[in-house]
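The values are calculated or read from the model by the stated rules, or taken from the named source; none is laboratory data. Predicted model, so just to flag it, every value in this text is computed and none were measured. Quick reminder, even Gly has a Cβ in these numbers, built from the backbone with ideal geometry, and neighbours come from all protein chains shown. Each accessible area value is taken on the protein alone, full model and side chains, heavy atoms only, with ligands, DNA and RNA left out. Shrake-Rupley method; radii C 1.70, N 1.55, O 1.52, S 1.80 Å.
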Amino acid sequence: MDATGGPPAVGPVNPFSPTAVARVTEQGVGANTVVTAAVRDATDQLDDYLRTGVGAVVALVGDYGTGKTHLAVELLAHARSVTGAAGQAIYLDAPGDTFLSLHRRFLSRLSRDEVRELLTAYLPDPTGTTRPVDGLVGRLRASLADVTTNPAFGTALAMLLDPSTEAVAWDWLSGHPPGPALLAAGVTPSADVEATAVEAMGVLALLHSRRHDRFVLVLDELDKILTAGGRPDPETMARLQRLLGVFTSAGAFLVIAGLPDMLHLLSTDVRQRIGPIVRMSALTGEDVRTFIRQTQLRASGTAQLAPFTVETTEYLANLADGVPRRVIRLCYHLFQRAAQAGTPVTHVMVREVVRVQFDLANRQDVAADVRRVLTQDGWSYQRDHLVGSMRDLPVDFWIPVEERNAGCCVLLTESVLKAEEVDDLNRRVVAIRAAVADSEVILVVVGHLPAEFAAELAGTFSVEPIVHDPQSFAEDLSGSVKALMRRLEQAIGADALTSVRQRVERIHRQQSNTQRSIEHLSYQLDEMRGELRQDLTGPAGRLSVVPERHPGATLPLPGRVARVFVEAIAALDQIAGFERRLRDAFAPHRVATVGGADGGQALRSLLRSRDVQRAVGTSVVLRRLIEAFREGVEQWYDGHRANPQPTDLERLDLLCETYDGIAEYLPLFQLDTLSGLAASGTGAEDGGDPVERSRTWSQARSVFDGLGGRVRQLLLAG
């Protein structure tokens, strides 16, 4: 211990974020920005608007972790730096339900006084007045004609300037029905509250842009609104089209950000109202080096690359596919490893960290997947088969065409990152075909394959190389093998009788393998039933949000942190509905009499679907993950809340990063399958809003993704 009572130094402070989740602040995202093509394009569009004031809509499109939110908020910071006013640039994270909710979220970023201040420009008396003068209503209606022909807006805005009616006018602007004062003034209830909310947003944007010359709004994760009730209907498209139109007419700059699928959801009319589409750029090796130097300059005052090297940053960028969130997380873990080892970052370190953090398969895992596919499809195959002379390497899998010197082989290789490795693989194919003229070769890449190398290898191999992806690998490999084996049979002129016999034998092998799989699955289900029966009858065997703890076991988490976990579990219950339906199946009023009990029939019907089974499994795993994360955070807080040392903070970082790392790779999109389970298990008596019950996987991801980063931020904020 040193003189201050703290622990001895454990090495340099890690300057990289362990979670790499953008955090929105009034000053930006508080992180370094590498100027990529996407950043330049988006900034150029914003500068054009700030210079001309011509309203426009720009779309930022990219997958998770590609930096959409980071770029969007940096655009806001840029706009504020040019205009000098924070109120002229606003960020909104779109809700997962309606345009009315979006409008209310927009209005929450403004105050009643701020809107009143915007309206004072329309008063004839420059010193202000407490009561609207004659003609103000007509003047407002004329001014708002660019975005709405609804006369109610002019009336309500004029009444907002009158202290006696401002409260009811503000309520109406917030989407509530008109009060008596507004009804008396001729404001009638809206037949389409959603459409009125869209026009209200345009009105506020117009007031901003007219008063301050410029107004910028970022609407992040727009796809959550579009998919709130499934695929968007024509009414949703019409409202979105109107939203884009009113902002353009108001002379505002609207930035919409979302996943690539967002574009496919849009109608032709809506897409025509969107200006440039900026697609997020992958980081190159040079971009990664720039990021590392900027981050270290900010943390230590020295723009150094060490402990990274040019070679390892190129390798890192390739293995991470240039995705910024992946790159940042890898930098964090690689910096830690290099500091502990006292050496520069090596290629081996990069491979190990990538495999651990992103749960990538290794060569042995992929070989097992290949065996599984070939076995399920009924192919007869040989492992490590020697093709050619003893000097040649054996092929990983050989699938022979029986009674002929012909066959299809599967080659496995690690990441292909150099031109020399491409040349080696091409020579390998030539050698195989020289040894067996009637042969086909499939290349399976375990890792990364740049697009230019994939195109070159596709010209040599029988089919395009297959880059291992757990979601699609089995289907890709199965289809390739079947196609190539048919091609071989046709090429060698196999007689019809032999072909039929071979196919019958393959079908027989498939049936045998399927029977064994069913028997094995049945055995596993019997074991699971036994374990579940023990859990339900044991002292802790009840379904609850969190297992009960003895009083005083750990100190309760701060209210804000505890609320984050409660909200996450509540959101999961609302999305899935499984826990509630399971409890209902065993509720006393349902099983009190044999005649009145449905025996969980509805639940049994739903669980017959394999998709529902997978989705339920995902929801259960996510629930247990959140609970385990909370328990870990509670233990950390109980022991280190008073005076956390650097090593304690590193442990907190690891806890939060572990949650985010696992949650990122859960197939949360499967939760959308449970919409029927959740909806059918809720009735009018629960008071639930149908819109709220229609949550989709995109909103689920926004609730659970980045939970670790939010918890860490709240804990450190005190």
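Taking the stated definitions as given, is Glu235 without any contact (Cβ under 8 Å) to a residue 60 or more places away in the chain, under 22 Å from Val147 (Cα atoms), open to solvent by 10 Å² or more (accessible area, probe 1.4 Å) and not in a strand (DSSP E or B)? Answer is yes for this residue. With respect to (1) modelled with pLDDT under 85; (2) closer than 30 Å to Gly175 by Cβ, the lone exception for Gly84 is condition (2). Scan region 322-345 for residues that are surrounded by fewer than 20 Cβ atoms within 10 Å (Cβ to Cβ) and of a type in the set (A, V, I, L, M) and the total you get is 2. The listed residues are Leu157, Leu144, Leu140, Leu119, and the only one of them that is under 17 Å from Ala181 (Cα atoms) and either modelled with pLDDT under 80 or assigned to a helix (DSSP H, G or I) (or both) turns out to be Leu157.
Comparison of Val348, Val353 shows that the only residue that is modelled with pLDDT under 90, buried (at least 19 other Cβ atoms within 10 Å of the Cβ), under 35 Å from the mean Cα position of the chain (by Cα) and in a helix (DSSP H, G or I) is Val353.
Does at least one position in region 201-224 carry a residue that is surrounded by fewer than 21 Cβ atoms within 10 Å (Cβ to Cβ) and within 14 Å of Phe99 (Cα to Cα)? No: zero hits.
Name the single residue that is most open to solvent (accessible area, probe 1.4 Å) among those in region 169-200 being of a type in the set (Asp, Glu) and farther than 18 Å from Met159 by Cβ. Spell out how you get there, then give the answer.
Start the filter on region 169-200 by keeping residues that are of a type in the set (Asp, Glu), which leaves 171, 192, 194, 199.
Those still in the list that are farther than 18 Å from Met159 by Cβ too: 192, 194.
Values: Asp192: 58, Glu194: 33 Å².
Across region 169-200, the extreme among qualifying residues is Asp192.
Any residue at all in region 192-206 that is modelled with pLDDT under 90 and hydroxyl-bearing (Ser, Thr, Tyr)? So far as region 192-206 goes, no, none of its residues is modelled with pLDDT under 90 and hydroxyl-bearing (Ser, Thr, Tyr).
For Ala406, indicate whether it is in contact (Cβ under 8 Å) with a residue 60 or more places away in the chain, farther than 28 Å from Ala434 by Cα and among the hydrophobic types (A, V, I, L, M, F, W, C). Steps first, please.
Numbers: in contact (Cβ under 8 Å) with a residue 60 or more places away in the chain: yes; farther than 28 Å from Ala434 by Cα: no; among the hydrophobic types (A, V, I, L, M, F, W, C): yes.
The answer is no for Ala406.
The listed residues are Asp369, Asp392, Asp396, and the only one of them that is touching a residue at least 24 places away in the same chain (Cβ under 8 Å) and in a helix (DSSP H, G or I) turns out to be Asp369. Restricting region 408-439 to residues that are part of a strand (DSSP E or B) and modelled with pLDDT of 90 or more, which is farthest from Ala483 (Cα to Cα)? Checked region 408-439; the qualifying residue farthest from Ala483 (Cα to Cα) is Thr413.
Pairs are defined by a Cβ separation below 7 Å, a sequence spacing of at least 6 or placement on different chains, a first member in region 38-64 that is of a type in the set (Asp, Glu), and a second member that is open to solvent by less than 60 Å² (accessible area, probe 1.4 Å); the pairs so defined are Asp41/Pro276; Asp41/Val278; Asp63/Leu259; Asp63/Pro260. Screening Tyr315 on (1) modelled with pLDDT of 90 or more; (2) under 20 Å from Ala451 (Cα atoms); (3) open to solvent by less than 40 Å² (accessible area, probe 1.4 Å) shows it passes everything except condition (1).
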